[in-house]
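K.L.:
Encoded as structure tokens, here's the structure I'll be asking about.
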Amino acid sequence: MSFAGREPLTVELLYQRLEERGCEPKRSGAGWQAKCPCHGDTKTRHLYFKQGELRTVVLYCFKGCAFEAILHSLGFEKDHFRLRQSAGTDGKLITWSYRDAEDRLLYQECRREIMVEGEWKKSYFQRSWDEKSRRWNNGAGAMQGVVLVPYRLPELLRANPALVVCLTEGPKCAEYVARCGLPVTTTAGGAGRAKATPSLPGYLAGRKVAIFPDYDKPGVAHAKETRAWLREYGVLAEIVRIPGFQVADSHGDDIADWMARDLHTAAEVRALAEGVVANVAGTMAPLETGERREAPVAMDEAAFYGLAGEIVAHLSSSSESCLAAILVSFLIGWGVGLGRGHHTRVGHTKHWLNEFTMLVGPTGGGKGSSWSPVAKLLSDVDGAFGEEGVLTDLSSGEGIVAAVRDPVVRTVTEKGHKAGKLFENTKEVVDDEGVGDKRKLFLLSEFGTVLAVARRQGNTLTGRLKEAWDSGRLEIGTKERMRATNAHIGMITHITPEELMARLSEEEASSGFGNRFLLVWTMRRQLLPHGGKLRPLADLVHVLHLLKDQVAVDLLQRDREANWMWEGIYQDLTRPKRGLFGKMIGRRQAHVLRLSALYATLENATMIRPPHLLAALAVWEYCERTAWFLFGRRTGIDVADRIYTELLRRPAGLPKSAIAELLGGGFPAETLFRSLMMLTETGRIYSERQVGHGGREVEMYFAIPERESEEPQYLAKATRRYEEGAPEGWEPSEVLEMEAE
């Protein structure tokens with residue numbers, strides 16, 4: 001910036017003030033560099049100044065600090081200086097800096113305002129920053145070869161992924177909205193250039209986006225085009241309707257006008273942004289770019305077979321949650337309430353009827369309301385379990401063992417003399433009576449926090465939970481040794497997609513912790529401002545009470561027809577799937593087995609029959625579609641996933657050096673090499689040699705966009721087998737199961 005002062009501002013005076021402030025000015029070419037007194041960086045000299053023409057001083061901060069702020073921090077009054085645009089002409093230049101993900105300056109959008117015949121005239125242009133020469137490139141060709149990025153990209157990447165992202169038409173409005181504490185961005189070029197920043201959908205993948213339009217015809221058209229473009233990539237985007245604004249032919253009002261002129265608060269702006277996207281249906285791909293996946297809509301009606309369906313229909317009148325969440329919550333609560341006796345078996349391995357679930361959905365998506373009607377029903381069936389069996393706090397492996405711990409009994413030996421004779425007596429002393437009722441249901445509404453705690457070094461929570469799902473035998477090898485046997489533990493947890501992605505580590509997914517949970521996508525199904533209709537529960541309580549006390553057998557096995565269906569789908573249920581998605585559904589046959597047994601108990605059946613198996617498969621298919629929606633083609637290897645995402649954003653391809661630079665380093669070169677090899681071998685990327693600058697050959701890498709995963713067909717295949725019926729004389733084949741394993 002160039003300034004002409006009413007009091008003379010000289011390079012010498014500026015140098016002196018900077019030196020007094022400890023900014024360490026240092027000669028640099030024709031000028032000087034110093035640490036900027038504004039943004040507090042004590043290491044890097046971001047401020048540049050030199051002598052300009054006509055007794056002016058050129059002053060610029062490479063971090064984008066405003067010139068008024070720089071001068072004020074050095075003790076100069078703002079009105080002592082004015083911007084000099086050209087000799088004899090008053091004017092000003094306003095700039096907005098665009099930076100890459102590593103916070104490096106790339107280019108600026110500039111607005112020049114010049115007074116012409118008593119009227120301000122505006123013109124816009126872009127200029128790129130040349131780091132090598134440390135100067136701006138202006139004029140024609142200034143932006144050639146520059147990668148366009150979203151405005152305020154570093155702030156966007158640092159923001160909490162659960163927050164709504166605001167998208168404005170220009171950077172001026174973006175700066176106003178940024179004051180409200182919400183992440184905000186915009187694209188280069190303004191109205192009519194919605195797709196001018198090709199990387200924008202990639203950076204917004206998995207986010208909810210509120211679009212604030214300029215209220216004129218070009219601005220509204222631009223907002224609609226932007227919304228359609230983002231939705232093509234699965235981004236949840238909606239246009240904000242600003243109260244009181246009317247669409248003008250041109251030069252309409254914008255969100256900055258609404259805030260500045262009408263004095264609206266930051267809370268009001270946040271309410272506008274959050275309100276417009278609160279009930280938008282989910283079609284986003286939570287983590288990846290270029291891959292569109294739809295959230296599950298509803299469970300197949302087969303899941304609502306028999307008494308389970310009647311119960312869900314009865315309870316749903318007082319819950320805003322979706323039917324899938326109510327059903328799974330009931331099945332898990334019922335299974336824990338039944339206790340330890342009922343089970344099914346695979347070989348020598350017993351599968352008890354306790355299950356875990358993660359209800360995954362956006363904040364306010366109805367996860368919490370899925371449990372309350374179920375809790376009332378189960379509490380009326382078994383008061384003891386309802387009062388003491390549901391726990392809402394869990395943070396360590398010790399905590400879960402303590403909740404179901406065995407008694408601690410030690411033997412004490414007493415020695416003495418009596419009537420001249422030595423005697424010795426032994427007796428048992430109870431140090432801890434333990435827990436009598438080991439049916440425990442953990443209801444965790446903030447499971448993201450639990451996962452964060454579980455990642456701390458030395459925390460044993462995930463190990464103990466795996467033991468609880470598998471066998472019910474848990475042990476803590478501390479100095480005060482605790483043990484639990486025959487524990488019967490279920491879990492219903494609530495988590496948002498963003499928390500799940502951030503908190504579930506690759507190790508937890510790979511170790512089998514994640515695949516012990518039924519993933520259930522949960523959305524609000526209806527609005528009940530007065531709590532809905534509370535239907536009488538007495539009849540259901542009576543039926544469930546009878547079933548609980550009179551279940552015919554402890555060991556539940558499939559009948560002949562169910563075995564015929566099971567053999568037809570067993571290979572599909574056990575076939576390995578690639579990536580993190582495959583790891584998260586790795587126990588699907590075990591889940592189907594337990595669910596089918598739960599349905600059998602609701603009919604007091606002595607065997608698992610075909611309708612029970614079909615119902616279990618319907619539940620599982622919904623869970624598998626949820627897993628695909630959440631994890632898609634992610635490999636579970638962070639570097640490989642980042643490489644694939646970056647290549648999807650850049651159809652022109654990247655050389656290995658550029659990939660390494662984009663990833664920012666922090667890992668061995670061998671990791672990059674192995675990740676590229678793995679992606680190539682699994683058909684996600686390919687490479688080819690091209691002639692680069694200077695005639696040298698460069699190996700370029702390109703992403704291969706993935707197709708949608710095939711819909712699970714377990715239910716359809718099992719239904720066909722059921723309709724065909726087992727051939728006469730058919731007997732179950734143990735060999736098939738052994739080969740599949």
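Read-outs throughout are calculated quantities, based only on the coordinates presented, and are distinct from any laboratory measurement. The shown structure was predicted, so the numbers you read here are calculated from the model rather than taken from an experiment. Cβ sites come from the backbone with ideal geometry, for glycine too, and all protein chains shown count toward neighbours.
K.L.:
Relative to the compact-globule scaling 2.2 N^0.38 Å, provide the ratio for the alpha-carbon radius of gyration of the range 347-440.
P.N.:
The range 347-440 yields a ratio of 1.85.
K.L.:
Need the list of lysines near Lys438 for cross-linking: C-alpha distance under 28 angstrom, and skip anything on the same chain fewer than eight residues off.
P.N.:
Leaving aside lysines fewer than 8 places away in the same chain, those within reach of Lys438 are Lys350, Lys367, Lys376, Lys427, Lys466, Lys479, Lys548.
K.L.:
May I ask you to list the lysines whose Cα is less than 26 Å away from that of Lys217, ignoring any residue fewer than eight positions away on the same chain?
P.N.:
Leaving aside lysines fewer than 8 places away in the same chain, those within reach of Lys217 are Lys121, Lys122, Lys172, Lys195, Lys208.
K.L.:
Output the relative contact order of the chain, whole-number percent, from Cα pairs under 8 angstrom with separation of 6+ residues.
P.N.:
10
K.L.:
What is the sum of charges around Gly725, taking Lys and Arg as +1, Asp and Glu as -1, for the other residues whose C-beta is under 14 Å from the C-beta of Gly725?
P.N.:
That works out to -2.
K.L.:
Based only on other Cβ atoms within 10 Å, what is the fewest-to-most ordering of Ser511, Ser319, Ser675?
P.N.:
Ser511, Ser675, Ser319
K.L.:
Something else now. Express in nm, to one decimal, how much length is gained between His251 and Arg27 on full extension, taking 0.36 nm for each residue of separation and deducting their alpha carbon distance.
P.N.:
76.0 nm
K.L.:
For the range 153-277, what class follows from the C-alpha gyration tensor (a ≥ b ≥ c being the square roots of its eigenvalues): rounded when a/c is under 1.5, otherwise prolate if a/b is larger than b/c, else oblate?
P.N.:
oblate
K.L.:
Let me ask another. Restricting things to alpha carbons, tell me how big the range 592-673 is in terms of Rg and Dmax, in Å.
P.N.:
22.4, 65
K.L.:
Right, next: Could you work out the relative contact order of the range 638-703, using alpha carbon pairs under 8 angstrom and six or more residues apart, expressed as a whole percent?
P.N.:
After rounding, I find 43 percent.
K.L.:
Leaving out same-chain residues fewer than 8 places away, which lysines sit with a Cα under 16 Å from that of Lys26?
P.N.:
Those lysines meeting the cut-off are Lys35, Lys43, Lys50.
K.L.:
Counting just the Cα atoms, what span does the range 301-631 cover along each of its three principal axes? Round to the nearest Å and put the largest first.
P.N.:
Reported extents, whole Å, longest axis first: 83, 48, 45.
K.L.:
Antiparallel as a % of all DSSP beta bridges within the chain, to the nearest 5?
P.N.:
DSSP beta bridges in the chain are roughly 70 percent antiparallel.
K.L.:
Quote to one decimal, in nm, the extra length available between Glu225 and Leu528 on full extension: 0.36 nm per residue of separation minus the C-alpha distance between them.
P.N.:
The span from Glu225 to Leu528 would gain 105.6 nm if fully extended.
K.L.:
Hey, what do the phi angles of the range 129-140 turn into as Karplus ³J(HN,Hα) couplings, whole Hz, using 6.51/-1.76/1.60 and θ = phi - 60°, x for Gly and Pro?
P.N.:
Coupling constants for the range 129-140: 9, 9, 5, 5, 8, 6, 8, 8, 9, 10, x, 4 Hz.
K.L.:
Sticking with this one: Calculate, for Thr680 and Asp103, the FRET efficiency according to 1/(1 + (r/R0)^6) with r their C-beta to C-beta distance and R0 25 Å; round to the nearest 0.05.
P.N.:
0.20
K.L.:
A further question on this structure: Counting Lys +1, Arg +1, Asp -1, Glu -1, what net charge surrounds Lys415 among other residues with beta carbon under 13 Å of its beta carbon?
P.N.:
+1
K.L.:
Quick test of the membrane-span-like rule: which DSSP H helices of the chain reach at least 30 Å along their long axis (C-alpha atoms) with mean Kyte hydropathy at least -1.0?
P.N.:
The qualifying helices are 610-631.
K.L.:
So, one more: When Arg649, Arg689, Arg674 are ordered from fewest to most other Cβ atoms inside 10 Å of their Cβ, what list results?
P.N.:
Arg689, Arg674, Arg649
K.L.:
Rank these for me by crowding, Ile608, Ile492, going from fewest to most other beta carbons within 10 Å.
P.N.:
Taking fewest neighbouring Cβ atoms as first place, the list is Ile608, Ile492.
K.L.:
If contacts are Cα pairs under 8 angstrom and at least 6 residues apart, what is the relative contact order of the range 153-277 in percent?
P.N.:
Answer for the range 153-277 is 27 percent.
K.L.:
Now for a separate question. What are the semi-axes of the equivalent ellipsoid for the chain, taken as the square roots of 5 times the Cα gyration tensor eigenvalues, largest first, in whole Å?
P.N.:
For the chain, the ellipsoid semi-axes come out as 61, 31, 27 Å.
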